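This report concerns only the one structure given below.
Derivation of every value follows stated rules applied to the coordinates shown; laboratory data play no part. Here the structure is a predicted model, which is why all the values come from computation and not from measurement. Cβ placement follows ideal geometry from the backbone for every residue including glycine, while neighbour counts extend to all protein chains displayed.
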Ligand code: NI
C-alpha cells in the first residue's frame, strides 16, 4: 500500500461501508498501520491507501492512545471549537490552521467486530474529524481559510501537475 496523493479522484469519493471483517480486511488494516508509521502520520483513512472503505487508523501516544482501528465510524455530539495546525499525508508539505470541534462522540466497530464508543477531546478529536472527512471524500484544503488556500496555491497546482503527468505517463 502506498499513499495516494491529491488530486487523485479516489480521495473525493465517499467510501463504502465495510460489510465484513475477514483475512483480507485484517491484512489491509495491517498495511494501513504500516503506511501510517512509515509516513510518520498520526492518522490514515483507507482511501489514502487506495482502498475506498470506511476504515481509519490513528494513534496518539501522548494521550495513551496506541494504534487503533475504527471501522464504519460515526461521529456525533460535536462540541466546542478547536483550531490547530493540520497536515495531510495526501498533501505533502502543506499545513494550515483548520477550525474543528473540540469534542465529539465516536461509535465504530473494531477489528474483532466489537462495538466501540468513546468521547474524544482536543488533538485526538481533531485527528478523528480529519480522518472521518476522508471517508466522506472531504479534503482538508476545502476547509482552509481563503487566505491559506491562496498561500498554498502554488503547492496545490504542483501536486495537480504531478498527478496529470503520472496519469498520462
Ligand atoms: Ni489527511
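Between 137, 64, 113, find the one with the highest GNM mean-square fluctuation for the chain; connect C-alpha pairs within less than 10 Å.
64
With a 10 Å Cβ neighbour count serving as the proxy for reagent exposure, in which order, fewest first, do 168, 141 appear?
168, 141
May I ask you to compute the full-extension gain from residue 63 to residue 147, defined as 0.36 nm times their residue separation minus their alpha-carbon distance, rounded to one decimal in nm?
Working: separation 84, 0.36 × 84 = 30.24 nm, distance 3.23 nm.
Residue separation times 0.36 nm, minus the Cα-Cα distance, leaves 27.0 nm.
Want the number for residue 167 to residue 109: 0.36 nm per residue separation, take away the alpha-carbon distance, what's left?
17.3 nm
Between residue 13 and residue 138, with labels modelled 7 Å along Cα→Cβ, what's the label distance in nm to one decimal, could you check?
2.1
Quick one: what does P(r) look like for the chain with 5 Å bins over all Cα pairs, in whole %?
The percentages, shortest bin first, are 2, 8, 18, 21, 22, 15, 9, 4, 1, 0.
List 105, 133, 23 from most exposed to least, where exposure is judged by having the fewest other Cβ atoms within 10 Å.
23, 105, 133
Which of rounded, prolate or oblate describes region 43-98 when judged by the alpha-carbon gyration tensor and an a/c cut-off of 1.5?
rounded
Just how far, in whole angstrom, is region 136-155 from region 26-50 if you go by their alpha carbon centroids?
23
For the chain, modelled as a GNM with alpha-carbon contacts under 10 angstrom, which of 104, 56, 11 fluctuates the most?
Judging by the Gaussian network model, the answer is 104.
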